[in-house]
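Scroll down for the structure; my scribbles are underneath it.
The values are calculated or read from the model by the stated rules, or taken from the named source; none is laboratory data. Quick caveat: nothing in here was measured; it's all calculated off a predicted structure. We place every Cβ from the backbone using ideal geometry, glycine too, and count neighbours over all the protein chains shown.
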Amino acid sequence: MATIFIDGQAGTTGLEITSRLQARADLNLLHLNDTQRKDEGARRACLQDSDVAILCLPDDAAREAVTLADGQTRILDASTAFRTAPDWAYGLPEMATEQRQAISGAGLVSNPGCYPQGFILMTRPLIEAGILAAETALRCHAVSGYSGGGRQMVERFRAFDPGEADALNSQAYSLSLAHKHVPEMHVYSGTNVRPIFAPMVANYYKGMLVHIPLFVESELHGAAPATIHELLADRYAAEPFVRVLPFGGTDMLSSGYLNATDCNGSNNIELMLFGNDEQILMVARYDNLGKGASGAAVQNLNLMLGIDEQTGL
């Protein structure tokens, strides 16, 4: 039985991971009460006594936790602190054929950000196949439920009063184009150009859509949409959590609209292509707290423990 410590268990991601692990008979979860969580000695003991420590902390606190662990335990970090660090394995198993092995054998694994997963899984195969040039300047638009913003954002949206003048609806953010997920989108997709990323948060709890628009002639070397779809379908045919839906299909639409929440409660990510012979839109849909965060962490934990990655998912 593996011993697991979740440092930051009281946060949104920590609570979600705990809910997925606490009923498992193959794991022993270490717990700290509210007072102990503020006790450095208690945290250090749990970090060093666990087989795998899962960090659900702000970046600086995650760096501190790694120091406290002092190399005594394997680390799975859900913060942004180490996502592009060369000595950390990036925890996106579907990214490349060798990625599962890298995660399984690593002492340090960085859980991926929610938005980058869809971006990477849609663009990397095209770049590797030479259909999309690495020099292409990419644009990515996305929307997520407010749970992705952590406790303070959750509290702010849950206090929403539609009668107030400053009522919350869909809001664009990170308008300086310096979102914290951009570095991993840049590094792991294979693009040579830092992408433009324009995210939005909407007034619903969880679920997300990631959009990448492309011109067929100038950006895809004239490759037909059917070719792009076939490439993605072949690439992810054996992946248990990645589903490539029919090109331009209407089955996934509701009255002509694409709902961001249809993958909620699962570890699935759905990839879709829409458009025509001149322009295409690649879309990824998934649960930002599932495959986007806590589900991905459980998948990575399973790989680190050498068990079926679908366990508990």
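In summary, residue 257 fulfils each of the numbered conditions (1) surrounded by 16 or more Cβ atoms within 10 Å (Cβ to Cβ); (2) under 14 Å from residue 283 (Cβ atoms) with the single exception of condition (1). Restricting 191, 227 to those that are in contact (Cβ under 8 Å) with a residue 40 or more places away in the chain, surrounded by 20 or more Cβ atoms within 10 Å (Cβ to Cβ) and in the same structural domain as residue 269 (by TED's automatic domain parsing) reduces the list to 191. In segment 61-91, the residue that is surrounded by the fewest Cβ atoms within 10 Å (Cβ to Cβ) out of those that are more than 21 Å from residue 102 (Cβ to Cβ) and touching a residue at least 12 places away in the same chain (Cβ under 8 Å) is 70. Number of residues in segment 96-137 that are in contact with a Lys or Arg (Cβ under 8 Å, 6 or more places away or on another chain), surrounded by 21 or more Cβ atoms within 10 Å (Cβ to Cβ) and of a type in the set (A, V, I, L, M): the value is 1. Evaluated against (1) touching a residue at least 24 places away in the same chain (Cβ under 8 Å); (2) assigned to a loop (DSSP other than H, G, I, E, B), residue 270 falls short on exactly one condition, (2). You will find that of 123, 97, the residue that is touching a residue at least 24 places away in the same chain (Cβ under 8 Å) and of a type in the set (Val, Ile, Thr) is 123 and no other. Looking at segment 43-153, the strands (runs of 3 or more DSSP E) lying wholly inside it that each contain 3 or more residues that are of a type outside the set (Val, Ile, Thr) and within 30 Å of residue 227 (Cα to Cα) sit at 139-145. Take the conditions over 15 Å from the mean Cα position of the chain (by Cα) and more than 15 Å from residue 94 (Cα to Cα) and apply them to residue 182. Does it pass? Here the answer is no, as residue 182 does not meet what is asked.
Could you please let me know if residue 28 is more than 14 Å from residue 56 (Cα to Cα) and exposed (fewer than 13 other Cβ atoms within 10 Å of the Cβ)? Answer is no for this residue. Return yes when residue 24 is touching a residue at least 24 places away in the same chain (Cβ under 8 Å) and in a loop (DSSP other than H, G, I, E, B) and no when it is not. It is true that residue 24 is touching a residue at least 24 places away in the same chain (Cβ under 8 Å) and in a loop (DSSP other than H, G, I, E, B).
To keep it simple, each residue is scored yes or no on (1) over 25 Å from residue 289 (Cβ atoms); (2) in contact (Cβ under 8 Å) with a residue 24 or more places away in the chain; (3) part of a loop (DSSP other than H, G, I, E, B); (4) more than 17 Å from the chain's Cα centre (by Cα).
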{"residue": "212", "(1), (2), (3), (4)": "no, yes, no, no"}
{"residue": "217", "(1), (2), (3), (4)": "yes, yes, no, yes"}
{"residue": "223", "(1), (2), (3), (4)": "yes, yes, yes, yes"}
{"residue": "239", "(1), (2), (3), (4)": "no, yes, yes, no"}
{"residue": "260", "(1), (2), (3), (4)": "no, yes, yes, no"}
{"residue": "264", "(1), (2), (3), (4)": "no, yes, yes, no"}
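Of the residues 297, 226, 237, the single one that is of a type in the set (A, V, I, L, M, F, W, C), modelled with pLDDT of 95 or more and farther than 30 Å from residue 2 by Cα is 237.
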